[in-house]
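Trainee: For reference, the structure I am asking about is given below.
The values are calculated or read from the model by the stated rules, or taken from the named source; none is laboratory data. What you see is a predicted model; the values in this text were computed from it and never measured. All Cβ positions, even for glycine, are placed from backbone atoms using ideal geometry, and neighbour counts span all protein chains on display. We work out accessible area using only protein heavy atoms, side chains counted, and drop any ligands, DNA or RNA first. Shrake-Rupley method; radii C 1.70, N 1.55, O 1.52, S 1.80 Å.
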Amino acid sequence: METAEFLQALETEGRLLAAAAEEAGTDAKVPTCPEWHVRDLLRHTGAVHRWAASYVAEGYSERRPLDDAPDLDGAELVAWYRDSHRRLVDTLAAAAPDVECWFFLPAPSPLAFWTRRQAHETAVHRVDAESARGAGITAVTPEFATDGIDELLRGFHARSRSRVRTPEPRVLRVRTDDTGAVWTVRLSSEPPVTTPGGSGDAECELSGPAEQLYLALWNRAPLPSVTGDQELAALWRESSGV
């Protein structure tokens, strides 16, 4: 997917998130994040939007802490979230393609990174808001979902902070039924090493339509299909939180 496509996805996902949060009410519980109410979801996601926008707008070259969200609630908090989202979209849309700033996963450029990362950040949290509203979950395209799986496996879980570890080497395979994408995840006492493709044996395979697998790997939905060693699937559920 191109950066412009991620920007459009970010625009759409943020609008959907705000609408679902408004319908649910800020006091509603978030089933997909049981420790949160909608107010926590809005404060977190709005703060992340502003944090991301600041790198691109100000050209910060080092990691900075998130600022605290304001002590707002109800309609005022929803409005603050909408403003946070709008600022992020406008900042990314206006940025020069060669803007330089800090970013934390492999990407062709800082702008490509932040646009892609915030599109997926917002999509996952939009699902949280819709789960709180309780009126159905809006679909994402198989292509977007496949990209999100790739970012999670080859980006987030390649980092030293990934907790998906095994005492002895193990092999997990992830496969989308509709887009034909396959990843082989090699687990050990070190961070997982994920490569595209399905060569070699795997002890467990997680498969299903890209959208369902995307949400499942982000622990927002049950795994569509598990074959082989069920313990490896359970390990993912227990230790893969980002």
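Trainee: Could you check how many residues of the stretch 199-211 are open to solvent by 30 Å² or more (accessible area, probe 1.4 Å) and in contact (Cβ under 8 Å) with a residue 40 or more places away in the chain?
Mentor: 2
Trainee: Something else about it: Cβ contacts < 9 Å: first residue at pLDDT 95 or above, restricted to the stretch 94-106; second residue in a helix (DSSP H, G or I) and surrounded by fewer than 12 Cβ atoms within 10 Å (Cβ to Cβ), any location; separation 6+ or different chain. Result?
Mentor: Cys101/Glu58
Trainee: Taking the stretch 184-193, which residues are open to solvent by 10 Å² or more (accessible area, probe 1.4 Å) and assigned to a strand (DSSP E or B)? Before you say what the answer is, go through the steps one by one.
Mentor: At the first step, the residues of the stretch 184-193 found to be open to solvent by 10 Å² or more (accessible area, probe 1.4 Å) are 186, 188-191, 193.
Answer for the stretch 184-193, where residues must be open to solvent by 10 Å² or more (accessible area, probe 1.4 Å) and assigned to a strand (DSSP E or B): Arg186, Val193.
Trainee: Determine whether the stretch 122-129 contains at least one residue that is surrounded by fewer than 20 Cβ atoms within 10 Å (Cβ to Cβ) and modelled with pLDDT of 95 or more.
Mentor: Going through the stretch 122-129, the residues surrounded by fewer than 20 Cβ atoms within 10 Å (Cβ to Cβ) turn out to be none.
Within the stretch 122-129 (the criterion being surrounded by fewer than 20 Cβ atoms within 10 Å (Cβ to Cβ) and modelled with pLDDT of 95 or more), the answer is no, since none of the residues qualifies.
Trainee: Inside the stretch 129-145, can you point out the residues that are farther than 17 Å from Ala4 by Cα and polar (S, T, N, Q)?
Mentor: Answer for the stretch 129-145, where residues must be farther than 17 Å from Ala4 by Cα and polar (S, T, N, Q): Ser131, Thr138.
One line per residue, one yes/no per condition, for (1) crowded, with 18+ Cβ neighbours inside 10 Å; (2) under 16 Å from His85 (Cβ atoms); (3) within 17 Å of the chain's Cα centre (by Cα):
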site: Val30; (1), (2), (3): yes, no, yes
site: Val56; (1), (2), (3): yes, yes, no
site: Arg63; (1), (2), (3): no, no, no
site: Leu72; (1), (2), (3): no, yes, no
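Trainee: To continue, here is another question. Can you name every residue in the stretch 206-233 that is among the acidic types (Asp, Glu) and over 16 Å from the mean Cα position of the chain (by Cα)? Let's see the steps before the verdict.
Mentor: Of the residues in the stretch 206-233, the ones among the acidic types (Asp, Glu) are 211, 229, 231.
Once the filter is applied, which keeps residues that are among the acidic types (Asp, Glu) and over 16 Å from the mean Cα position of the chain (by Cα), the stretch 206-233 yields Asp229, Glu231.
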